[in-house]
Amino acid sequence: MRDNTLKYLLVLPAVLVVFATAIWPLIESLRLSFTVGRLNRPGSLDQYLGWENYTWAFSQEPAFWNSVWITAIYTVLTVALTTLLALGLAMLLAPGGRFRSGVQTLLILPFAMSPALIGVSFRFMFNPEFGLFDAFFGVMIPPLADVSWLADPILAFAVCVMADVWGWIPFLTLVLIGGLASVPQDTIEAAQVDGASGWRVFRDVTLPQLAPVLAVVIILKSIFSLKTFDQIFMLTNGGPGTATQTLSHYIYFNGMKYGQIGYAASVAWLMVIPMIFLTYAYAKFVFRKD
Amino acid sequence: MAKVVLKNLTKRWGDFIGVDNQSLDILDKEFLVLLGPSGCGKTTTMRMIAGLEEPTEGEIWIGDRKVNDDLPKDRDVAMVFQNYGLYPHMTIFDNIAYPLKVRGTPKADIAPRVQKAAEQVELTEFLHRKPKALSGGQRQRVALARAIVRTPKVFLMDEPLSNLDAKLRVTMRAELKHLSRALKITTIYVTHDQIEAMTLADRVAVMKNGIIQQLGTPDEIYNDPTNLFVAGFIGSPAMNLINGSVQDGHFVTTGGTKLVRVAASDRAQVVLGVRADDMRVAEEGQGDIDVRIYAFENTGEATLLTVQWGKQRVIAKGDRHLRKDQDDVVSISLDPDHLYLFDPDTGNRIT
């Protein structure tokens, strides 16, 4: 057997697995997005509709637009908060920062939890009867003593954001610590001697040199925020009402609960559009030749 | 423009002593070189003056102000770093202008001053490039220009030439010397290169293990070393250090050969220091002692003879026209006016 043939034979199983679990479902979902695609109607999976599912989403579905907005606000808030807090923590934890590096190990813990588990634990902690956070906020901020967190649209959304930020800070902090460590110390010292205050050293010297890493962090986090599903599913299940229904959750509900597989597939493909932009930007930053 | 005074300065990290109870007065407009091997505390001393490192004990005065509690930005010093410390995201112009910008210099003043500093280091054609596009020597000039664009009280230079290749280092050394004479600003210069120290300094402080071994002009350091360490550190090739004893006013080698007359009382153990320049090389039998050549090197401007002297090897400098070969025997004489005797136990100079 020639080396070349063997080479392809050896990768074949992996290629088959990827094809069966990723590529074929992708193609199939694209096909389904152009069909009537009702799970409870036999034959509808092959009944072609053209672009109707897509136009339906834009023109006839306020719930679609609701989830687009929820996802947008959720993404902007979680990306901004996580990045800012992680940057602050990284500054404190980086070599030469104020804290000992032993703390870094503790920091990774939230990231070790699965998002679904984070969702469940936050739901318990905001439970009005026995929730730890519910009690804590009640004592710290008396006006919040009697609120039912997950029953209030705005507060429930805030809890979702909080859980996500909490879960993602460790990873972003570790990446940013790495980024900070690669900023040459002598440029920082040069700026100090040149006469810059702590803030100006950060703004003029540290931040610009951290920018490529920061950009990667922001893009990555945006991708993850956009596709958030499991945490929300366990924490609020999109509620109260549709107050925390992100796009992924909306897609899941339409596809799995209402059986509108064709429509769900079309919305899923709509979501691919921002993802492509982000992935392209990410690839550009990570693989840039510099 | 100011003098710098260190009073009982100490830096410790746990049990490790970086700088040990060091006092030093650096005069106004003086060019002082801190010279020593790596780990001797010279860079730590400079970083404490800059404010980048906090002293464990002791005081630092710049001008008539104690600066121990001042941030680097408030000490009015300018520093040139070993790795230059240029801001990679800024153009050369912005790099040089940065100390002016952060100190609130009026915008209209910045451009002419950057231009002038760039002219002084011959960099004017590169002002719109980024540091990455420059060679090592050019980056070094940018770092210099950034330091001289203001008129600070003190210049601090941390091994500024050590990342340059040998040829460029000689050129830059001369330029540095010219510039420092022209600017007349107190300068503290750290190096492990004794030639830089000799050529640039008004005074040199030779350091070892966090302690200044000798403080003096380059002349004094070279011609009048106070101990074995300074004697061995200064000069290229290094001073020869030969073990022996003093008997009847003469130096006697461990092998028993009676050599030159020395002005010292009898001692069982001494170390004789003699520079390669102060040894005369003659044909076999025509000098003080016959020795076998271990290696013969011709540098062009002179010849260097490494000879086997009992169990030791000694380097003598010969005439540039001398031609010998390995294992030839030559005779060596020592110049009695340029000999140094040291106590082998304390390392201190006897005569």
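The values are calculated or read from the model by the stated rules, or taken from the named source; none is laboratory data. Only a predicted model underlies this, so the values are computations on that prediction, with no experimental measurement involved. Note: ideal-geometry Cβ built from the backbone for every residue, glycine included; neighbour counts use all protein chains shown.
If you go through segment A:124-137 and keep only what is of a type outside the set (A, V, I, L, M) and part of a helix (DSSP H, G or I), you end up with A:F124, A:F133, A:D134, A:F136, A:F137. Quick check: anything in segment A:11-21 in a loop (DSSP other than H, G, I, E, B) and farther than 30 Å from A:L207 by Cβ? The answer is no; no qualifying residue exists.
Considering each of A:A57, A:A22, A:A14 in turn, give the residue that is of a type in the set (A, V, I, L, M) and within 30 Å of A:P153 (Cα to Cα). Going through A:A57, A:A22, A:A14 in turn, just one is of a type in the set (A, V, I, L, M) and within 30 Å of A:P153 (Cα to Cα): A:A57.
Within segment A:245-263, is there a residue that is surrounded by 17 or more Cβ atoms within 10 Å (Cβ to Cβ) and touching a Leu at 6+ places or on another chain (Cβ under 6 Å)? Checked segment A:245-263: at least one residue is surrounded by 17 or more Cβ atoms within 10 Å (Cβ to Cβ) and touching a Leu at 6+ places or on another chain (Cβ under 6 Å). In this structure, is A:R41 at pLDDT below 85, charged (D, E, K, R) and under 30 Å from A:G178 (Cβ atoms)? Criteria not met by A:R41. For segment A:160-207, what are the residues that are at pLDDT 90 or above, within 33 Å of the chain's Cα centre (by Cα) and either facing chain B (nearest Cβ under 8 Å) or not in a helix (DSSP H, G or I) (or both)? If the condition is that a residue be at pLDDT 90 or above, within 33 Å of the chain's Cα centre (by Cα) and either facing chain B (nearest Cβ under 8 Å) or not in a helix (DSSP H, G or I) (or both), then A:V183, A:P184, A:R200, A:D204, A:V205 are the ones that fit. A count restricted to segment B:244-267 and to residues that are surrounded by 13 or more Cβ atoms within 10 Å (Cβ to Cβ), touching a residue at least 24 places away in the same chain (Cβ under 8 Å) and in contact with a Ser or Thr (Cβ under 9 Å, 6 or more places away or on another chain) stands at 11. Close Cβ contacts (under 9 Å, 6 or more residues apart or on different chains) running from residues in segment B:105-125 that are in contact (Cβ under 8 Å) with a residue 24 or more places away in the chain and surrounded by 18 or more Cβ atoms within 10 Å (Cβ to Cβ) to residues that are in a helix (DSSP H, G or I) and among the aromatic types (F, W, Y) comprise B:V114/B:F93; B:A118/B:F93; B:A118/B:F126. Filter segment A:138-154 for residues that are in a helix (DSSP H, G or I) and either without any contact (Cβ under 8 Å) to a residue 12 or more places away in the chain or touching a Ser or Thr at 6+ places or on another chain (Cβ under 7 Å) (or both) and give the result. Hits for segment A:138-154 are A:G138, A:V139, A:M140, A:P142, A:P143, A:L144, A:L150. Working only within segment B:45-102, note down all residues that are among the aromatic types (F, W, Y) and within 11 Å of chain A (Cβ to nearest Cβ). Within segment B:45-102, B:F81, B:Y84, B:Y87, B:Y98 qualify. Filtering segment A:208-235 down to residues that are more than 14 Å from every other protein chain (Cβ to nearest Cβ) and not hydrophobic (A, V, I, L, M, F, W, C), which residue is surrounded by the fewest Cβ atoms within 10 Å (Cβ to Cβ)? Residue satisfying both the conditions and the ranking: A:K227.
Look at (1) in contact (Cβ under 8 Å) with a residue 40 or more places away in the chain; (2) of a type in the set (V, I, T); (3) surrounded by fewer than 18 Cβ atoms within 10 Å (Cβ to Cβ) and you find that B:T191 fails only one, number (3).
Looking only at segment A:55-69, decide whether some residue is among the β-branched types (V, I, T), in a helix (DSSP H, G or I) and in contact (Cβ under 8 Å) with a residue 12 or more places away in the chain. Yes - at least one qualifying residue is present in segment A:55-69. Of the set (1) assigned to a loop (DSSP other than H, G, I, E, B); (2) facing chain A (nearest Cβ under 10 Å), all apply to B:E122 but (2).
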